[in-house]
Amino acid sequence: MTNILPALKNLLSHSSEIRTADVERIAIGQFGNIGSIYNSYQDEILGNVHNNMKAKTVISNDLVMCKLYHGRTYQTQNLLEMVGIDRQLRLSIILQIVQPKGIASIINYPRSIDTYTRFLYFRYQSSIESCHTDLIKRQKLDTSFKSDPRATHVITKIIRGIHAVVIIQLPHDEQAEIDILLERIRASLEHKENNILMTLKDRDLLSRIISTTVYSNICTLSEITNVYDIWQKILQIRDKTNEHSDLVYILSSIQQINLENTDNNVNNTTLTEHDIENFENSLLQKLSKLRVLNVRINHELPELLQDKLEEPLTVARQSFLEIKNLYNNVMQQIGNLFVRLRKNEVEINSVTEILNSDVQDTIDASTRRLTDISDDLKFKGNLIKQLENTGFEYYDAAKLGLTENSNEQFVQDLLLKNNYNKLFFCATDHLKQQSSKQWDTLYSQMIKQRQENSELAIIYADFTYTKWNLKEMIILPSKQQTINIPQSNDEYINILLLGESGVGKSTFINAFANYLRYDTLNQAESSKPYVIIPVSFVMTINDEYDEEIVNFGDVDSNEDHNNSGQSVTQQCRSYVFKLSNEKKLRIIDTPGFGDTRIDNQDNVNMKIIFSFINHIPYLNSICFLFKPNVKQLNRFLYSCYKQLFEFFGENIRDHFIFCFTNARSTFFAPGDTRPLLQSFFNSFPIKNIPFGKKNTFCFDSEAFRYLVALQRSLVFKEIERDEFEKSWIRSVAEAQRFRNYLCNDLRSYRKNIEWQSVQEIQFQINSIIRPILEAIRNILRNILLFDVNSYIKLKPVKVNEDSVICYSYERQRQQFGQCWILLDHLHSLSNQCSLDQHSSVAYRLGYEYVNDRINESLVDLNQQRTTLCKVSAELACFLTASQLNQEDPFLSGLIRMITEENMICQKENQNHINQKLMIELEKFKNEYQNFNAKYSKKKNKPLSDIYELIKSVNEISMVKKQLHAIRKHHKSLLTATEQNFYEESTDF
């Protein structure tokens, strides 16, 4: 601030001058009247000296100014000056002596001014209200002037009208076209031309403006955010003078009005243009730097970083607030000083200390430091964008919670655990800058490995913000550690489709199939529509807006179009069609949320969805369907996302896709729904949910409905068909982009690898309880039969429909060698069945007696027995800890098997093998309970360890056979109602 001192010295040399000429002040939100007293020291209206001051009003209709400025120019570098505010008032605003209101609020414009910024400035003078100074003088106002020593001037004239500046931020690719429209609007305002034609295309172009901000002396103007509406509003109120407001105040000096009043010591400093220029510019430079920092830290960086690097950004925001508070305190001190300078109450020596204080140096140094930090964050944001554009995921290693003492192996374990199909590029900003060539080499190497294996996920692990010191850039796992992950040969791309009831999921599937099948509307019209799912919709026809219900497609009991408010789709069903010779797309249609069948129907539907999804070994994506212009999101959305993350784990967020239907109305953009979703994701506990152009797709189903309507002989105008054709072309292009994204960018989300969660592991454990228990019983049988050189082989056979085994029914016994076995009694679950006496099964268990020595040793059998005892005890502890009121299913199963063997012994009392088996099962139960008591006292194992336990028992041959039957059952359930739509056609 030392460069201000010469200017202040000049100001002091003029402090004895008395202003006697009239002063013009732009009205900035204060409301004065003729005869109001004005304090020019602090630029404030003090009040009226007379309530009945007579004034004359003159109408002036010709004084209008309308300018259009492009970007940062000489005229726009000082926004207060651009709108006509004189330097004295500008200084009062900058120094916070007076709060900016009305048009002066332009000083708070939050965005950066660049090449794409436009200023539409309008000033219209409609009337002048004035009172001659002689009339004021005759009011004998000496007493009024003396009553308030702050009074320096009286308002003797008020100019009223419209004063506005519209700041417009243009899109980068359409500025030339929009500039032409803005010039037409400017000319219309300047010449009062109300009949300028603005077509729908023109209005569409104006609607693509990124931001519009109005500063005005008319409150209603300041609230409008659309250029077209602002233009129309100004034209509308231009001749309505009762809606105009104060534009300019003309101030007359009290000494000029009342020269006999010699007691009023008015020493209002006259600040010349030259003297004040350096002072103002230096203040504006500080203010400008803070404004740039504010825009960058609070607007640009959050938008660039997209919820990444939240911690360093939060620290930057806190630093900015500290600088801003220091700045405000200094401005308040200088403002108070400047008021006293205007009154000629201080000498230059009394202010030197403030202007040269350490606080000034602190502000400057902190501003420079924060600018450097924001530059680094901007650089990092652009780097993240570059990485994501080339297939990388960005990971902030600070989330690992490392300390200075963390060892390298621990860091590797944290990164690599259960991420065998991921490759990590570990680096810091410092290492990148220090060894840029090595960084480029490793970067290229990672991209090449991804090209060779599309299933491989490549991740940039950024250690810049960790306390742990990364000594060198590395790729993890190393070549020695890398597990060979084969290229995906999956035949199907599995997509789970979710959306609100009525959003049009089934119609979307139909439309998507047709957009891939027919490149043009002409091709589609010459063929029959490809209707995968029956459709029913209302279409408006003719000029009378008559409505026609259109139904098309075969009747399907799974699609209920008759009950409003409930989901049309009743159960999950998959639809398969070919994408290429190698790939088929399986879209799983689901009941919509917001279903009104019963109060808890949405949660019931989610359970149905998860049960259905459990039939498949992997998922490629979850596709969320929205309409583009909703006013609020469905209240169940939060619960839906919460349950999805609980079932699939947090990593599923990288497999989210967002599709918008009926997007023609929003020019194939997400519309008002996008900011609602963005706000929703920002507030959601799980962060970094990807939501950008790459995984967002906009379609329009109206063109498909038009195609179906033609089959019902509905007639359309040529102009309507043209609109449908344009919609078809855009939707086909989007469908191609969608297909390419599915085939090229999405990898499989596999169970037990990426797909890990408490809820999913509960599904897995519950599904292997019967295989484990039956394996235990048969291993004990074979141990008993080992000495007689025979064994019993399990022969599981899948069932083709949902079935239960009935334990209350007196099941048939069958002898196998020296053993008697109760055979399965299966039937479908009915209302008469007691749930506690039934258990859902995927296979019927058969048996084969082999009169030969088993190919496993007694040691192997006993080892399997011990493994199953320990693992089932640990799995039971996990289940009971993670599910409230969960009884031990393994223990109850063992008790049931002991009861069954006891019943056989009672019926076949001469059978010694079954008696021994009952005793062995009792021993096993006791061992199991001891293990269970031991494990229950320990801390629960992490999910990865539980998955390893499941993996270990799944490798036991008797368990593996049963699990193979379960998988075949799941596949049969999946395909039983699945509809295939590719046999008759060539590739889409």
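The values are calculated or read from the model by the stated rules, or taken from the named source; none is laboratory data. Not measured: the values here are computed from a predicted model. Cβ sites come from the backbone with ideal geometry, for glycine too, and all protein chains shown count toward neighbours. Note: areas computed on protein heavy atoms with side chains; ligands, DNA, RNA excluded. Shrake-Rupley method; radii C 1.70, N 1.55, O 1.52, S 1.80 Å.
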Item to complete: Among the residues of the range 556-583, write down those that are open to solvent by less than 30 Å² (accessible area, probe 1.4 Å) and modelled with pLDDT of 85 or more.
Response: 572, 574, 575, 576
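Could you pull out the residue among 438, 480 that is among the polar types (S, T, N, Q), open to solvent by 20 Å² or more (accessible area, probe 1.4 Å) and modelled with pLDDT of 90 or more?
438
Residue-wise test of (1) surrounded by 14 or more Cβ atoms within 10 Å (Cβ to Cβ); (2) of a type outside the set (A, V, I, L, M).
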{"site": "887", "(1), (2)": "no, yes"}
{"site": "891", "(1), (2)": "yes, no"}
{"site": "913", "(1), (2)": "yes, no"}
{"site": "917", "(1), (2)": "yes, no"}
{"site": "958", "(1), (2)": "yes, no"}
{"site": "971", "(1), (2)": "yes, yes"}
Worksheet item: Within the range 5-24, is even one residue open to solvent by less than 70 Å² (accessible area, probe 1.4 Å), modelled with pLDDT of 70 or more, within 22 Å of residue 280 (Cβ to Cβ) and in a strand (DSSP E or B)?
Response: yes
Discussion item. Name the residue that is farthest from residue 460 (Cα to Cα), counting only residues in the range 390-420 that are among the small types (Gly, Ala, Ser) and crowded, with 18+ Cβ neighbours inside 10 Å.
Written reply: 398
Item to complete: Could you identify the single residue in 167, 107, 113 that is in a strand (DSSP E or B) and either at pLDDT below 90 or of a type in the set (A, V, I, L, M) (or both)?
Response: 167
Discussion item. Taking the conditions exactly as written (in the same structural domain as residue 953 (by the TED database), under 21 Å from residue 889 (Cβ atoms), crowded, with 16+ Cβ neighbours inside 10 Å and not aliphatic (A, V, I, L, M)), does residue 819 satisfy them or not?
Written reply: no
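State the number of residues belonging to the range 362-389 that are of a type in the set (A, V, I, L, M, F, W, C) and either free of Cβ contacts under 8 Å to residues at least 60 places away in the same chain or open to solvent by 30 Å² or more (accessible area, probe 1.4 Å) (or both). Write out each step before concluding.
At the first step, the residues of the range 362-389 found to be of a type in the set (A, V, I, L, M, F, W, C) are 363, 365, 370, 373, 377, 379, 383-384, 387.
Subsequent filtering for residues that are either free of Cβ contacts under 8 Å to residues at least 60 places away in the same chain or open to solvent by 30 Å² or more (accessible area, probe 1.4 Å) (or both) retains 365, 373, 379, 383.
Residues meeting the conditions: 4.
Go through the range 660-689 and count every residue that is assigned to a helix (DSSP H, G or I), of a type outside the set (Val, Ile, Thr), free of Cβ contacts under 8 Å to residues at least 60 places away in the same chain and closer than 17 Å to residue 207 by Cβ. Break it down into steps so the answer makes sense when it comes.
Here is the first cut: in the range 660-689, the ones assigned to a helix (DSSP H, G or I) are 663-666, 673-683.
If we keep only those that are of a type outside the set (Val, Ile, Thr) as well, we get 663-665, 674-683.
Pick out the ones that are also free of Cβ contacts under 8 Å to residues at least 60 places away in the same chain and you get 663, 665, 674-680, 683.
Those still in the list that are closer than 17 Å to residue 207 by Cβ too: 663, 665, 674-675.
The total comes to 4.
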Worksheet item: Restricting attention to the range 73-99, and to residues there that are farther than 19 Å from residue 282 by Cβ and of a type outside the set (A, V, I, L, M), which single residue is surrounded by the most Cβ atoms within 10 Å (Cβ to Cβ)?
Response: 76
Item to complete: Select from the range 838-875 the residues that are in a helix (DSSP H, G or I) and free of Cβ contacts under 8 Å to residues at least 40 places away in the same chain and write down the one among them that is surrounded by the fewest Cβ atoms within 10 Å (Cβ to Cβ).
Response: 859
Item to complete: Consider only pairs whose beta carbons are under 9 Å apart and that are at least six residues apart or on different chains; among these, list those whose first residue lies in the range 623-644 and is more than 20 Å from residue 508 (Cα to Cα) and whose second residue is in a loop (DSSP other than H, G, I, E, B) and of a type in the set (A, V, I, L, M).
Response: 641/686; 641/689; 642/686
Worksheet, complete the sentence: Within the range 505-552, the count of residues that are of a type in the set (Asp, Glu) and under 15 Å from residue 727 (Cα atoms) comes to 2
Worksheet entry | Single unsatisfied condition, residue 657 versus (1) in contact with a Ser or Thr (Cβ under 9 Å, 6 or more places away or on another chain); (2) in a helix (DSSP H, G or I); (3) of a type outside the set (Phe, Trp, Tyr); (4) modelled with pLDDT of 90 or more | (2)
Worksheet item: Taking the range 450-474 on its own, how many of its residues are more than 30 Å from the chain's Cα centre (by Cα) and either at pLDDT 85 or above or buried (at least 17 other Cβ atoms within 10 Å of the Cβ) (or both)?
Response: 7
Worksheet item: Restricting the first residue to the range 396-410 and requiring it to be within 16 Å of residue 472 (Cα to Cα), which pairs with a second residue that is open to solvent by 60 Å² or more (accessible area, probe 1.4 Å) and of a type outside the set (Lys, Arg) meet a Cβ separation below 8 Å and a spacing of at least six or different chains?
Response: 397/465; 404/469
Discussion item. For the range 689-719, give me the residue count where each residue is modelled with pLDDT under 85 and more than 19 Å from residue 526 (Cα to Cα).
Written reply: 0
Discussion item. So in the range 604-617, with the set limited to residues that are without any contact (Cβ under 8 Å) to a residue 24 or more places away in the chain and farther than 23 Å from residue 585 by Cβ, which one is most open to solvent (accessible area, probe 1.4 Å)?
Written reply: 607
Worksheet item: Quick one: is residue 620 open to solvent by less than 40 Å² (accessible area, probe 1.4 Å) and touching a Pro at 6+ places or on another chain (Cβ under 8 Å)?
Response: no
